[in-house]
Amino acid sequence: MVLEEIKTSLIMWFSYALIPCLFVDGVAVLPAPQNLSVQSTNMKHVLTWSPVTVPEEIVHYSVEYQGEYESLYTSHIWIPSIWCSPTQRPECDITEDITATVSYSLRVRATLGSLTSAWSTLKHRFNQNSTILTPPGMEITMDGFHLLIKLEDLGPHFEFFVSYWRREPGAKEHIKVVRPGVLPVYLETVEPGAAYCVKARTFVKAIGRHSAFSPTECVKVQGEALPLALALFAFVGFMLILVVALLSVWKMGRLLRHSCCPVVMLPDTLKITNSPQKLISCKKEEVEACVTSGLSSEELLKAWI
């Protein structure tokens, strides 16, 4: 009785363990993974499939891909995925495997010990052109009177087109192109009391596509415009500084002029006055006694000339 129960239990356990397996020519074979599909968003590509379940066992999976060149010229060559050969999860990030804008074939198989399933191939070839581009996440901040934007990091493939404007009738909309890795980004010096609005979208040059714009976000700058009295005070201060500067330049010019070209005072004997002067006349031919005579101013002038 006990032996029969043990025998029955062993048969049931063995049968239960092989439930997910198929028998081909009397040999147990793992079923191939089913329902292969690729989820691609913002140039991140993930291959998923339905898991092969074996109770109390861990099934491993291998993923391989084939590019357009291999499928045309070397169809027997498949390349193992970088991160998913093997893997225990029923999904594989194939982003780094998809390096060109061409169609790729993908296939998966399951492995359990010495058991290996057949390859299951993706029904439709995958091209990264079909990726879904979503609007970027963004955060608007203020640094004093500087308007800044911080954008979601989506990877090296992405550029951002940021549109911003002052919220008022007839305001001009500005566009700024932001390269990846330049974060946060300065947009504009704002005015106190004004409101500014910002929106952004992504662009992927490799596939020539862009996303929709993100929802518009507006921010109001704290503070008020400078009052008239403060502006007048600033103007008066500027004029005083200007006057002091001009006076300093004038004074410096006078000092330089007197230093370079000083005023020479003539001796009294060379000055011509209205009162009679004495003129000393000496002959050049011989040395004689000087005769002093009194002359009028006009005569003195003629004699000097």
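The values are calculated or read from the model by the stated rules, or taken from the named source; none is laboratory data. None of these values were measured; they are calculated from a predicted model. Heads up, the Cβs are rebuilt from the backbone with ideal geometry, glycines too, and the neighbour counts pull from every protein chain shown. SASA here: full protein model, heavy atoms, side chains in, ligands and nucleic acids out. Shrake-Rupley method; radii C 1.70, N 1.55, O 1.52, S 1.80 Å.
What's the number of the only condition in (1) out of contact with any strand residue (DSSP E or B) (no Cβ under 8 Å at 6 or more places or on another chain); (2) not in a loop (DSSP other than H, G, I, E, B) that VAL102 fails to meet? Status for VAL102: all satisfied but (2).
In the set (1) without any contact (Cβ under 8 Å) to a residue 24 or more places away in the chain; (2) under 38 Å from the mean Cα position of the chain (by Cα), the condition left unmet by THR74 is number (2).
Kindly evaluate SER103 against the criterion of being of a type in the set (S, T, N, Q), in contact with a helix residue (DSSP H, G or I) (Cβ under 7 Å, 6 or more places away or on another chain) and open to solvent by 30 Å² or more (accessible area, probe 1.4 Å). When the stated conditions are applied, SER103 passes them.
When restricted to residues that are farther than 23 Å from LYS220 by Cα and surrounded by fewer than 16 Cβ atoms within 10 Å (Cβ to Cβ), the range 178-203 contains 4.
Residues satisfying the criterion are absent from the range 141-150 (criterion: open to solvent by less than 70 Å² (accessible area, probe 1.4 Å), in the same structural domain as ALA212 (by the TED database) and of a type in the set (Lys, Arg)). Within the range 123-140, if we keep just the residues that are open to solvent by 70 Å² or more (accessible area, probe 1.4 Å) and closer than 19 Å to LEU47 by Cβ, the residue that is nearest to the chain's Cα centre (by Cα) turns out to be ILE132.
With respect to the conditions (1) exposed (fewer than 10 other Cβ atoms within 10 Å of the Cβ); (2) modelled with pLDDT under 75; (3) within 19 Å of the chain's Cα centre (by Cα), ILE175 lacks only one, and its number is (2). Could you tell me which residue of the range 45-97 is most open to solvent (accessible area, probe 1.4 Å), considering only residues that are in contact with a helix residue (DSSP H, G or I) (Cβ under 8 Å, 6 or more places away or on another chain) and closer than 16 Å to THR121 by Cβ? Looking at residues that are in contact with a helix residue (DSSP H, G or I) (Cβ under 8 Å, 6 or more places away or on another chain) and closer than 16 Å to THR121 by Cβ, I get ILE77. Within the bounds of the range 156-167, is there any residue that is modelled with pLDDT under 90 and either open to solvent by less than 80 Å² (accessible area, probe 1.4 Å) or not assigned by the TED database to the domain that holds SER103 (or both)? The answer is yes; a qualifying residue exists. The numbered conditions (1) in contact (Cβ under 8 Å) with a residue 40 or more places away in the chain; (2) closer than 23 Å to THR216 by Cα; (3) out of contact with any Lys or Arg (no Cβ under 9 Å at 6 or more places or on another chain) are all true for MET138 except (3). Among the residues making up the range 179-199, those that are charged (D, E, K, R) and either assigned to a strand (DSSP E or B) or free of Cβ contacts under 8 Å to residues at least 40 places away in the same chain (or both) are ARG179, GLU188, LYS199.
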